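The structure appears below as structure tokens.
The values are calculated or read from the model by the stated rules, or taken from the named source; none is laboratory data. Because the structure is predicted, anything quoted here is derived from the model rather than measured. Don't worry about glycine lacking a Cβ; one is built from the backbone with ideal geometry, like all the others, and counts go over all protein chains shown. Quick note on the areas: whole protein, heavy atoms, side chains included, nothing else; ligands and nucleic acids left out. Shrake-Rupley method; radii C 1.70, N 1.55, O 1.52, S 1.80 Å.
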Amino acid sequence: MSPPLSSPPLASQQDHERRFLPSRTALEDFMRATRPWTQPCVYDARLPFAFTRTTYFDTEDLRFLDSCRHGHTQRLRLREYAASASLSEPPVLTGTRYLEMKTNTGQRRTKVRIPVSPGEAVALLAGGSLDEDSAAARLLRDSPHGPVRPWVTAWYRRGTHANADASVRFTVDEELVFAFPPRPTGTGTPARPERLIRHAPAILLEVKWRANSPPWLRDCLRNLEVFETQDSKFEQGMRWRLDAEMDLP
């Protein structure tokens, strides 16, 4: 399972993004308003329920987190995908994994995404070394901060909708929880994290588009402006991770 837009190794993808914490009614109104132009994205009909496990990395002195205070937010993350046939079954890892470097400046974002192998994912989660010639190792060398280690993991059920050419895409993240980084696991194994830190109380809606936003999207977003947030999962999860460390005996 993979998202509708993918990039070759070390390719840079630029687009725009806005985030919202809508009420259930506001979310339903938005989805109804966008229905004429978008449709749900289902990547595997046998496993229609999609989940994402995202582990965020930072330096010992939290330089990535510090970037969030200066209007030029940078995040380094390992994104792993999971799925299940029904909500009553435990989601399992599908084997698709990406190491991503994401930079946000206002509504504009740039993302570099490269696929990683199971062995590379194990090394990243364990704080080990990578083959120095690999694309993942090159991305780490190009990072503005380093060396890094895994700090916090976000787990959520994700629904994705997109227009015909995927130039507009929005995702709905529900059942969001933050946890300590997972122990390395393989494809087909249970994906849900075990060492939970905290459940997030709100639904997160992220709206992304390339180039100029179409008029229909601007119209649909007007009613969501009261719910807009500048906070990211990375910032929220890191705050709660640091709070959890302070509470440890």
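Annotations for the structure displayed:
- Gly186 open to solvent by 40 Å² or more (accessible area, probe 1.4 Å) and modelled with pLDDT under 90: no
- Pairs where the first residue, in the stretch 28-40, is open to solvent by 100 Å² or more (accessible area, probe 1.4 Å) and the second is assigned to a loop (DSSP other than H, G, I, E, B), C-beta under 7 Å, 6+ apart: Trp37/Asn163
- Of all residues in the stretch 220-230, those that are surrounded by 12 or more Cβ atoms within 10 Å (Cβ to Cβ) and either over 23 Å from the mean Cα position of the chain (by Cα) or not aromatic (Phe, Trp, Tyr) (or both) total 7.
- Candidates Thr94, Thr55, Thr103 - the one that is surrounded by 14 or more Cβ atoms within 10 Å (Cβ to Cβ) and over 17 Å from Val116 (Cα atoms): Thr103
- The lone exception for Glu235 - which of (1) modelled with pLDDT under 95; (2) among the acidic types (Asp, Glu); (3) open to solvent by 50 Å² or more (accessible area, probe 1.4 Å) it fails: (3)
- Looking only at the stretch 189-212, and only at residues there that are over 28 Å from Ala26 (Cβ atoms) and free of Cβ contacts under 8 Å to residues at least 40 places away in the same chain, the one that is surrounded by the most Cβ atoms within 10 Å (Cβ to Cβ): Arg195
- Boolean, Ala244 is at pLDDT 95 or above and of a type in the set (Gly, Ala, Ser): no
- Residues (surrounded by 17 or more Cβ atoms within 10 Å (Cβ to Cβ) and over 30 Å from Leu221 (Cα atoms)) located in the stretch 146-183: Val148, Pro150, Trp151, Val152, Ala179, Phe180, Pro181, Pro182
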